[in-house]
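The structure under discussion appears below in the form of structure tokens.
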2 protein chains.
Amino acid sequence: MNIGGAARASGVSERMIRHYEKIGLVPAPARRGSGYRDYGEDDVHRLRFIANARDLGFDTGEIGALLALWSDRGRASSEVKALALARAEELGRKARRLEEMRRSLLHLADECRGDERPDCPILRGLAD
Amino acid sequence: MNIGGAARASGVSERMIRHYEKIGLVPAPARRGSGYRDYGEDDVHRLRFIANARDLGFDTGEIGALLALWSDRGRASSEVKALALARAEELGRKARRLEEMRRSLLHLADECRGDERPDCPILRGLAD
DNA sequence: TTGCACCCTGACATCGTGTCAAGGTCAAGC
DNA sequence: GCTTGACCTTGACACGATGTCAGGGTGCAA
């Protein structure tokens, strides 16, 4: 399978497939005589794993760790669970931070009449 | 005031002050004979405004718009309010997305024993 | 005068991703 | 066999916000 097919099958863009290859997240595939990359089902599977992990907010370092665990038949599930829980914790922190910013903004907006007059507590709040 | 003083007074790093100057978010300040940038209170005030807006998650484009409204004595507060509400809405979307990712992860982790055995539904979930 | 803290510009790095350019390859249809 | 269009190759530039480093100039105090 060419890179375009692997991209369609995995949901990872060609650009990112080449990128993941460069940073070592996926192995360099075999090349045809033409120089074209040649992917198999295993490669696509690995790419889909990466796409899923990325969609869950893991960064490339964490994905690398997960892939290593995934390929390691002897790993303990506790390692994976620890990674997942740490990631969940961080996601929770980020979500709370965003929610806090949102409340601050809504609070400011609440006090703003939103009419034709220039007076606006939002700008005053930002200027403090 | 030199750039270091402005940085300390505003909470914006020297690096970012120069950056904001380059992209036009703050005016180029006067220079001393030595070439040193020379800042006044107004500059610091503007930088603090930027720091606050940035902390609320506005990107530089939005901050530029807010600054223009801030400096415009005749603006209608409705414009500012619209920007703030749109930003709040986007923050809410992001927070919900993070929360959703977090729940997915916790759900996977919940089904994982987290012991010495290699069997792990988290990895199986990622591989789908 | 010496030394230290400060300033200047410019460049490179990060991270994930897009896009473009210049060129090679392949398969289908004529 | 040749043309055409879709696909592949590498490399480079870009974003946005920020850090850091290098090489050199300035200002002030002891």
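The values are calculated or read from the model by the stated rules, or taken from the named source; none is laboratory data. Since this is a predicted model, take the numbers as computed values, not measurements. Because the Cβ atoms are built from the backbone with ideal geometry, glycine has one as well, and the counts that use them run over all protein chains shown.
General remarks:
- Residue match in the stretch B:3-22 (condition: over 28 Å from A:R97 (Cα atoms), touching a strand residue (DSSP E or B) at 6+ places or on another chain (Cβ under 9 Å) and either free of Cβ contacts under 8 Å to residues at least 40 places away in the same chain or surrounded by 18 or more Cβ atoms within 10 Å (Cβ to Cβ) (or both)): yes
- Hey, A:E116 assigned to a helix (DSSP H, G or I) and among the acidic types (D, E) or not: no
- Considering the conditions (1) assigned by TED's automatic domain parsing to the domain that holds B:A7; (2) modelled with pLDDT under 85, B:L91 is excluded by exactly one of them, (1).
- Scanning the stretch B:28-83 for residues that are among the hydrophobic types (A, V, I, L, M, F, W, C), within 16 Å of DNA strand C (Cβ to nearest atom) and surrounded by fewer than 14 Cβ atoms within 10 Å (Cβ to Cβ) yields B:A28, B:A30.
- Residue within the stretch A:55-73 that is more than 21 Å from B:R103 (Cα to Cα), β-branched (V, I, T) and touching a residue at least 12 places away in the same chain (Cβ under 8 Å) present: no
- Note on the stretch A:85-111: residues that are within 20 Å of B:S77 (Cβ to Cβ), surrounded by fewer than 21 Cβ atoms within 10 Å (Cβ to Cβ) and within 7 Å of chain B (Cβ to nearest Cβ) total 2.
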